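The values are calculated or read from the model by the stated rules, or taken from the named source; none is laboratory data. For clarity, every value in this text was computed on a predicted model and none was experimentally measured. When we count neighbours, we look across all protein chains shown, and the Cβ atoms used for this are built from the backbone with ideal geometry, even at glycine. Calculation scope for accessible area: heavy atoms of the full protein, side chains included, ligands and nucleic acids excluded. Shrake-Rupley method; radii C 1.70, N 1.55, O 1.52, S 1.80 Å.
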Amino acid sequence: MVENGLMMQYFEWDLPNDGQLWNNLKDDAKHLKELGVTAVWLPPAYKGTSQDDVGYGIYDLFDLGEFDQKGTVRTKYGTKEEYIQAIKALHEQGLSVYADVVLNHKAGADAKERFMAYEVNPDNRQEKLTEPYEIEGWTRFNFEGRGDTYSKFKWNWRHFSGTDFNAENDKEAIYMIQGLEKGWSDDDTVDNEYGNYDYLMFADIDYENEEVVLEVLDWADWYINETGIDGFRLDAIKHINYHFVKKLINSVRENGRPDFFMVGEYWKSEYETIADYLEETDFTLDLFDVSLHYNFHTASQQGSAYDLRELFTDTLVSKNPTHSVTFVDNHDSQPGQSLESFVDAWFKPLAYSFILLRAEGFPCLFYGDYYGIQGENPIEGQADNYLDALLYLRCNHAYGPQNDY
C-alpha cells in the first residue's frame, strides 16, 4: 500500500526562547513516524536579529547556531550541532525534512552606509514622492563573528533594492535605492499589490544583481550539503522576482537532486494569481493552498450561514491538486500575527478531516494545533482530543476510491 503523505509544521510563533526545539524534535522523531507524518517543516535555522528572533529577521544565512553573533551562539531553537542531530533522527525514522528558506530580505546590519534613494508612496511603490537624496541606511553586513568561514561575501547597499529607515534623521519610510540598473523588480515578476510588492521589510535583497544571485545559489548548495535536508519551504515568494525563484529551483535540482521538494508561500487567495505563478515558474514547485485556509476561516466565522458546498471553490486543491499543500492554520495565521485568520476551535475538527481524509493535496499539520500555542493567550493542543484519531485514520484507513457528494 502506498503511504499517505503528511507534512508537519514543527513550530509556532510563541515557542519559548530556550534553545530546546531541536532537542525536543530529536526525541519526538519516533512519535511523529507513528502518527503517520512523512515530512517535517522546520523553522528558519540561521542567525536572526537576536536570540529570540522567530527566524524571519535574517542576519546570516551561513550561521546555523555556530558563531557568536548578535549576542548569541545558539538561535532561538538551539545550536547547529543539535539541528543536524535532529535532522538525522528524523531521517532514521524515514521522514523527509524541509528547511524554511527566507531569501527576501536581510536584517540586523553591522554598519550604516550612505547612498542615494527615493521616498516612494507606500500604497503605490512605483510612485516616487521625492527626488533622489542621500540617506544613511543599515545595509553593511560584515559577519565579524563568522569572518570568511563558508563565504567571503560581504553585503553592502549595492546588493539591496530598498530599505525602510533613514538613520540620519530616524525617519521611517519606504526608500527605493538609486543606482545603476536599480529599482524594484519588474511589475509582472512580483505581486502587484501596492503597485509593486517587491519591497516587504528590512533591507530588500536585489535579485537583479548578479553577485547576489551567485552568492545565494552557492549558499543553497552549501546548506543542503551541510545539513542533508530534503526540501525547501520558500518564504514570501510573492515579493521575490519569480525569475530568481525559478533559477534557484533549477540550480538545486540540476545539481544531482532531481527529487528535491520545493513548496512556496504565496499568500494570496485569488486562484488566477496562483495559477499564473505556477505557470511562470514552469510548475516546478508546490504552493500552500491559501484559498482553502480562508474558506475554512470564513466557514468557522459564519457557522450555519455558510454553504459547505462552496468550501473547495477556487482552491488550489480542487483545480491543481498535485501542486497543492493544504493546511488549516500556521504561524502567520495564528492569533496576534500579521495575517491573523485563525480558524475557530469548533470548526477545526471539520477542517482537519477535510484535508486529512481527502485523496488530493499534501496536508500540513500545524504544531500549534497539535501541541498548543504558548505566549500571552495560550491555546491548548488537540492531539488526544481529535487529531490523533484523524491522523490514525489517514495513516491506516484513508485509501481507495474517493466519492464526493
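Just need a number here: residues in region 355-368 that are more than 21 Å from Thr284 (Cα to Cα), outside any loop (DSSP other than H, G, I, E, B) and either open to solvent by less than 10 Å² (accessible area, probe 1.4 Å) or hydrophobic (A, V, I, L, M, F, W, C) (or both). Before the answer, list the steps.
If we filter region 355-368 for residues that are more than 21 Å from Thr284 (Cα to Cα), which is where we start, we get 355-359, 365-368.
Now restrict to residues that are outside any loop (DSSP other than H, G, I, E, B): 355-356, 365-368.
Okay, now just the ones that are also either open to solvent by less than 10 Å² (accessible area, probe 1.4 Å) or hydrophobic (A, V, I, L, M, F, W, C) (or both), so 355-356, 365-366, 368.
Of the residues in region 355-368, 5 are more than 21 Å from Thr284 (Cα to Cα), outside any loop (DSSP other than H, G, I, E, B) and either open to solvent by less than 10 Å² (accessible area, probe 1.4 Å) or hydrophobic (A, V, I, L, M, F, W, C) (or both).
Looking at region 47-106, which of its residues are of a type in the set (Phe, Trp, Tyr), in contact with a Gly (Cβ under 9 Å, 6 or more places away or on another chain), within 18 Å of Arg146 (Cβ to Cβ) and in a loop (DSSP other than H, G, I, E, B)?
Residues of region 47-106 that are of a type in the set (Phe, Trp, Tyr), as a first pass: 56, 59, 62, 67, 77, 83, 98.
Narrowing further to those that are in contact with a Gly (Cβ under 9 Å, 6 or more places away or on another chain): 56, 59, 67, 77, 83, 98.
Subsequent filtering for residues that are within 18 Å of Arg146 (Cβ to Cβ) retains 59, 67, 83.
Passing the criteria: only Phe67.
Being open to solvent by 40 Å² or more (accessible area, probe 1.4 Å), over 18 Å from the mean Cα position of the chain (by Cα) and closer than 21 Å to Trp41 by Cα narrows it down to one residue among Tyr392, Tyr352, Tyr399; which is it? Spell out how you get there, then give the answer.
Values: Tyr352 fails: open to solvent by 40 Å² or more (accessible area, probe 1.4 Å); Tyr399 fails: closer than 21 Å to Trp41 by Cα.
Checking each option against the conditions leaves just Tyr392.
Residue check: is Ala167 modelled with pLDDT of 95 or more and either within 27 Å of Gly228 (Cβ to Cβ) or in contact with a Gly (Cβ under 9 Å, 6 or more places away or on another chain) (or both)? Steps first, please.
Details: modelled with pLDDT of 95 or more: yes; either within 27 Å of Gly228 (Cβ to Cβ) or in contact with a Gly (Cβ under 9 Å, 6 or more places away or on another chain) (or both): yes.
For Ala167, the condition - modelled with pLDDT of 95 or more and either within 27 Å of Gly228 (Cβ to Cβ) or in contact with a Gly (Cβ under 9 Å, 6 or more places away or on another chain) (or both) - is met.
For the structure I just gave you, tell me whether Asp259 is closer than 24 Å to Glu215 by Cα and among the acidic types (Asp, Glu).
In short, yes.
Which of the residues spanning region 1-41 are part of a strand (DSSP E or B) and without any contact (Cβ under 8 Å) to a residue 60 or more places away in the chain? I'd like the intermediate steps shown before the answer.
Quick first cut of region 1-41, residues part of a strand (DSSP E or B) only: 7-9, 39-41.
Result: Val40, single match.
For region 260-277, give me the residue count where each residue is within 17 Å of the chain's Cα centre (by Cα) and not basic (Lys, Arg). Full working, then the answer.
At the first step, the residues of region 260-277 found to be within 17 Å of the chain's Cα centre (by Cα) are 260-269, 274, 277.
Within this subset, residues satisfying the condition of being not basic (Lys, Arg) are 260-267, 269, 274, 277.
Residues that pass the stated criteria total 11.
Taking helices (runs of 4 or more DSSP H) that fall entirely within region 194-305, which contain at least 3 residues that are of a type in the set (Ser, Thr, Tyr)? Spell out the reasoning first.
Working: elements: 210-227, 242-254, 271-280, 290-302.
Of the helices (runs of 4 or more DSSP H) lying wholly inside region 194-305, those with at least 3 residues that are of a type in the set (Ser, Thr, Tyr) span 271-280, 290-302.
Need the failing condition index for Glu3 against (1) open to solvent by 20 Å² or more (accessible area, probe 1.4 Å); (2) at pLDDT 95 or above, just the number.
Against the list (1) open to solvent by 20 Å² or more (accessible area, probe 1.4 Å); (2) at pLDDT 95 or above, Glu3 comes up short only on (2).
Looking at (1) under 27 Å from Tyr199 (Cα atoms); (2) in contact with a helix residue (DSSP H, G or I) (Cβ under 8 Å, 6 or more places away or on another chain), which is the one condition that is false for Val97?
(1)
If Glu340 satisfies all but one of (1) among the acidic types (Asp, Glu); (2) in contact (Cβ under 8 Å) with a residue 12 or more places away in the chain; (3) closer than 17 Å to His293 by Cβ, what's the number of the condition it fails?
In the conditions (1) among the acidic types (Asp, Glu); (2) in contact (Cβ under 8 Å) with a residue 12 or more places away in the chain; (3) closer than 17 Å to His293 by Cβ, Glu340 misses (2) alone.
Which ones in region 130-184 are assigned to a loop (DSSP other than H, G, I, E, B) and of a type in the set (D, E, K, R)?
We begin by selecting, within region 130-184, every residue assigned to a loop (DSSP other than H, G, I, E, B); these are 130-132, 142-154, 156, 167-170, 178-184.
Residues satisfying the conditions are Glu131, Glu144, Arg146, Asp148, Lys152, Lys154, Glu168, Asp170, Glu181, Lys182.
Select from region 319-346 the residues that are outside any loop (DSSP other than H, G, I, E, B) and open to solvent by 60 Å² or more (accessible area, probe 1.4 Å) and write down the one among them that is nearest to Gly303 (Cα to Cα). Walk me through it before giving the result.
Kept after step one, since they are outside any loop (DSSP other than H, G, I, E, B), are these residues of region 319-346: 319, 321-325, 327.
Retained after the next criterion (residues that are open to solvent by 60 Å² or more (accessible area, probe 1.4 Å)): 319, 322.
Details: Lys319: 25, Thr322: 30 Å.
Per the criteria, the residue is Lys319.
Listed residues Phe153, Phe141; which is open to solvent by less than 20 Å² (accessible area, probe 1.4 Å) and of a type outside the set (Lys, Arg)? Outline the logic, then answer.
Details: Phe153 fails: open to solvent by less than 20 Å² (accessible area, probe 1.4 Å).
Selected residue: Phe141, the only one of Phe153, Phe141 that is open to solvent by less than 20 Å² (accessible area, probe 1.4 Å) and of a type outside the set (Lys, Arg).
Against the condition free of Cβ contacts under 8 Å to residues at least 12 places away in the same chain and either crowded, with 22+ Cβ neighbours inside 10 Å or in contact with a Ser or Thr (Cβ under 9 Å, 6 or more places away or on another chain) (or both), how does Tyr306 come out, does it pass? Give the derivation first.
Numbers: free of Cβ contacts under 8 Å to residues at least 12 places away in the same chain: yes; either crowded, with 22+ Cβ neighbours inside 10 Å or in contact with a Ser or Thr (Cβ under 9 Å, 6 or more places away or on another chain) (or both): yes.
For Tyr306, the condition - free of Cβ contacts under 8 Å to residues at least 12 places away in the same chain and either crowded, with 22+ Cβ neighbours inside 10 Å or in contact with a Ser or Thr (Cβ under 9 Å, 6 or more places away or on another chain) (or both) - is met.
For region 214-256, enumerate the residues that are open to solvent by 30 Å² or more (accessible area, probe 1.4 Å) and among the acidic types (Asp, Glu).
Asp218, Asp221, Glu226, Asp230, Glu254
Report, by residue number, each residue of region 369-389 that is open to solvent by 10 Å² or more (accessible area, probe 1.4 Å) and at positive phi.
Within region 369-389, just Gly375 meets the criteria.
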